[in-house]
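These notes are about the structure you will find just below.
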Amino acid sequence: MAQENHLLAAVPPPSAKKQPQVLELHGDKRLDDYFWMRDRTNPEVIAYLEAENAYTEAMMQHTEALQASLYNEMLARIKETDLSVPYRKDDYYYYSRTEEGKSYPIYCRKPGSLDAPEQVLLDQNELAKGYEFFNLGVFQASPNHQLLAYSVDTNGAEQYTLFFLDLTTSQLYPETLADTYFSFAWGNDNKTVFYTKVDATNRPFKLFRHTLGTSPDEDVLIYHEKDEAYFLRISKTRSQAYILMSLGSNITSEVHYLDANNPTGSFQVIHPRQQGMEYSVEHHSDRFYIVTNDEALNFKLMQTPVASPAKENWQTVIPHQDDVMLSGVSAFVDHLVIYERKAGLPTIRVQKLSTGEENEITFPEPTYSVYEGSNPEFNTTTLRFNYTSLITPSSVFDYDLETYERELKKETEVLGGYEKTQYESERIMATASDATQIPISLVYKQGIQKDGKNPLFLTAYGSYGASYPASFSSTRLSLLDRGVVFAIAHIRGGAEMGRKWYEEGKFLHKKNTFTDFIACAEHLITQKWTASDRLAISGGSAGGLLMGAVLNSRPDLFKVAHAAVPFVDVVTTILDTSLPLSAMEWEEWGNPNNQTYYDYMKSYSPYDNVKAQDYPHLLITAGLNDSRVKYWEPAKWTAKLRELKTDNNLLLLKTNMGAGHGGASGRYESLKEIAFEYAFVLDRLGLVEA
């Protein structure tokens with residue numbers, strides 16, 4: 001560490017000057033010394049972020065060889081020139097492929113047969129030229145397959161520009177549609193499209209109808225959602241019969257439908273929004289299938305006639321189950337595919353509609369992830385699903401809905417001699433402070449001994465009812481092969497164990513998320529999987545909030561932490577309705593205009609609870625163009641930590657000045673970011689090769 005101490009002396013950490021500003025929030029006056037960082041037009045803000053980046057670069061200079069080694073390892077495992085499994089839509093086979101040295105996929109198709117000549121539809125590498133960041137949003141061929149709608153984001157702010165390409169002439173239509181979101185639908189006339197635009201907070205709030213070849217100024221406003229808590233999305237049923245406009249807050253839904261053969265007609269509501277009631281819609285012949293939590297905590301399946309879909313006509317297909325959560329359904333011509341969660345694991349059940357016969361698709365590993373693949377065809381007896389686990393690379397299966405046979409179409413190749421038998425995965429349980437059993441998924445290299453000496457990397461999310469998938473990562477092998485145990489804490493706030501699991505980790509129960517994570521860490525230490533001086537933790541976005549909360553309450557438990565785009569200034573952000581994380585978030589965290597919620601949120605908000613104490617080594621990463629968690633949250637948090645913490649541990653802030661919430665775009669730049677983050681963790685854990 002001599003070189004590091006020299007650097008500490010030569011390159012002092014940046015100092016963010018205090019500009020005390022009185023914030024009066026819900027009758028509570030308090031000072032915010034770093035509120036000034038919100039003004040991106042202030043040159044001092046950019047100067048501060050750049051100073052932090054320079055400091056981070058200096059303090060990580062001694063890890064450059066490690067970063068390069070990690071990057072080369074990760075890249076060497078990837079089959080750079082590769083092909084996705086084609087999926088059929090009508091008479092075309094669609095797929096994407098990658099080429100060595102190129103950052104982005106190339107989208108292609110073949111007519112009629114896989115032996116037909118290839119037609120390149122879109123080469124993202126060509127579109128991305130000249131941009132530091134590039135992301136594709138919409139990518140949808142028209143019903144007759146002659147036109148392509150696609151949208152692009154070139155700075156990470158998630159505001160997309162929509163284009164239309166004639167696939168027969170390779171010519172773009174003259175019009176472009178700016179400030180759109182990534183939901184979209186074609187009318188069946190192949191010329192009418194529906195798209196959503198975003199407001200100043202990046203919330204999709206208006207639905208427009210556009211006719212190809214006309215000026216956007218002539219577009220018809222179909223719907224304006226004025227409630228700031230609601231997102232507006234547009235989609236099309238697999239049957240191609242209906243266009244669905246879905247309006248939803250975190251806990252309430254409303255769906256409208258339109259005959260796709262009559263795109264200039266009027267949308268009809270299925271059931272008007274009813275506070276606290278969620279539902280989603282799937283179409284089949286003369287009925288809609290509806291998954292809803294109406295008087296059903298874990299959701300149930302209903303059906304209703306298309307001709308009269310009002311709630312009074314809903315009939316139960318699958319009743320509510322206390323121990324099984326219904327995640328969703330997919331309808332095909334003679335089959336219903338039912339996605340559920342049982343005992344913390346995802347399952348798939350298939351029902352033949354004409355006979356009622358059922359079959360469950362089973363999976364062999366103790367912890368895994370499975371989700372629906374590309375299934376655009378309605379009239380089919382084949383279901384495509386993707387399976388992965390902590391040791392099984394992402395695998396594409398085709399499942400025969402009639403014979404129940406599955407065919408492995410492709411398992412993602414991991415180069416360099418990866419052998420899954422060299423690794424083990426398991427699921428264990430930790431006991432929370434209220435005696436609740438919390439699942440932990442583990443993966444490690446064979447030969448690991450439970451002697452309390454293993455470095456361990458623990459991660460979690462725990463918000464919005466999002467279940468953390470136990471999925472494979474080839475980059476993670478760089479940790480496992482260095483003897484690191486990787487663990488996922490499936491804490492409350494997600495939905496791993498059902499909807500109740502989510503409800504017990506939100507609103508005035510949010511602290512369960514944090515205490516569950518701490519209980520998992522303590523269990524891993526008690527069971528000698530690791531020790532506190534060998535324990536690294538990581539979380540992003542709302543998982544970054546988790547990092548901030550547990551670091552404030554139990555900094556002694558961890559050696560090193562990484563917080564990515566962390567949502568840490570909870571109270572101030574959610575009170576500011578000009579921001580994306582504001583009114584719509586009241587149904588996740590609570591409305592801070594209510595004194596009870598305000599006090600509770602303030603008691604765990606990481607920024608508000610930084611104190612004069614020792615903290616672990618901490619890397620904080622951010623994106624200047626982040627529209628979900630604004631850059632100033634991690635920046636303010638870093639500044640306050642620098643001011644108050646009492647240790648000499650490393651605190652770094654790295655802001656990507658040309659990206660948003662998801663970090664760098666392109667597979668090579670993304671690998672560099674992962675290599676940097678891993679290098680920080682390995683270096684702080686003392687796992688750097690001599």
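Kindly identify region 145-269 as rounded, prolate or oblate by the Cα gyration tensor criterion: order the square roots of the eigenvalues as a ≥ b ≥ c, call it rounded if a/c is under 1.5, otherwise compare a/b with b/c, prolate if a/b is larger, else oblate. Oblate shape, in that a/c is at least 1.5 and b/c is the bigger or equal ratio.
Taking the number of Cβ atoms within 10 Å of each Cβ as an exposure proxy, the fewest-first ranking of Val560, Val329, Val324 is Val324, Val329, Val560. Between Asp533 and Ser354, the simple spin-label model (points 7 angstrom out along Cα→Cβ) gives 7.0 nm. With contacts taken as Cα pairs under 8 Å at a separation of at least 6 residues, the chain carries a relative contact order of 10 percent. Each residue, Glu413 and Thr382, gets one label point 7 Å from its Cα in the Cβ direction; the gap between the two is 2.2 nm.
Using 0.36 nm times the number of residues separating Asn72 and Glu669, minus their current alpha carbon distance, what extension gain do you get? Intermediate results must be reported in sequence, preceding the final value.
Numbers: separation 597, 0.36 × 597 = 214.92 nm, distance 1.24 nm.
Fully extending the segment from Asn72 to Glu669 adds 213.7 nm.
Do you know the relative contact order of region 140-218, to the nearest whole percent, from alpha carbon pairs under 8 angstrom that are 6+ apart? Present the calculation step by step, with values, prior to reporting the outcome.
Numbers: 155 pairs, mean separation 17.5, N = 79.
That works out to 22 percent.
Label-to-label distance for Ser266 and Asp434 is 4.7 nm, based on points extended 7 Å past Cα in the beta-carbon direction. For the peptides 393-406, 214-227, residues were scored by their other Cβ atoms within 10 Å and the scores averaged per peptide; the highest-first order is 393-406, 214-227. Here are some values of percent of Cα pairs over 50 Å apart: [x] 31; [y] 16; [z] 11. Which one was computed from this structure? Matching the structure shown: [z]. Label reach from Lys18 (point 7 Å along Cα→C-beta): in region 644-677, amide nitrogens under 14 Å belong to 644-645.
Loop-resident trypsin sites (Lys or Arg not before Pro) (DSSP state other than H, G, I, E or B) in region 561-643 with no more than 15 further Cβ atoms inside 10 Å of their Cβ: Lys611.
Work out how much length Ser113 to Arg40 would gain on full extension: take 0.36 nm times their residue separation and subtract the Cα-Cα distance, in nm to one decimal.
21.0 nm
Taking 0.36 nm per residue of separation and subtracting the current Cα-Cα distance, fully stretching the chain between Thr161 and Asp614 would add 158.4 nm.
Computed from the C-beta positions of Thr526 and Glu402 and an R0 of 60 Å, the FRET efficiency is 0.75 to the nearest 0.05.
Footprinting exposure proxy ranking of Ile290, Ile338, Ile106, fewest other C-beta atoms within 10 angstrom first, gives Ile106, Ile338, Ile290. Helix 667-684 axis versus longest C-alpha principal axis of the chain: approximately 30°, rounded to the nearest ten. Ordered by the count of other Cβ atoms within 10 Å of each Cβ, fewest first, Thr211, Thr392, Thr596, Thr621 give Thr596, Thr211, Thr392, Thr621. Pairs of Cα atoms nearer than 8 Å and 6+ residues apart set the relative contact order; for region 146-281 it is 15 percent.
I need the calculated FRET efficiency for the pair His509 and Gln274, taking r as the beta carbon distance and R₀ as 25 Å, to the nearest 0.05. Show your work: numbers first, answer last.
Details: r = 23 Å, r/R0 = 0.93.
So the FRET efficiency works out to roughly 0.60.
Read-outs throughout are calculated quantities, based only on the coordinates presented, and are distinct from any laboratory measurement. Predicted model, so just to flag it, every value in this text is computed and none were measured. Quick reminder, even Gly has a Cβ in these numbers, built from the backbone with ideal geometry, and neighbours come from all protein chains shown.
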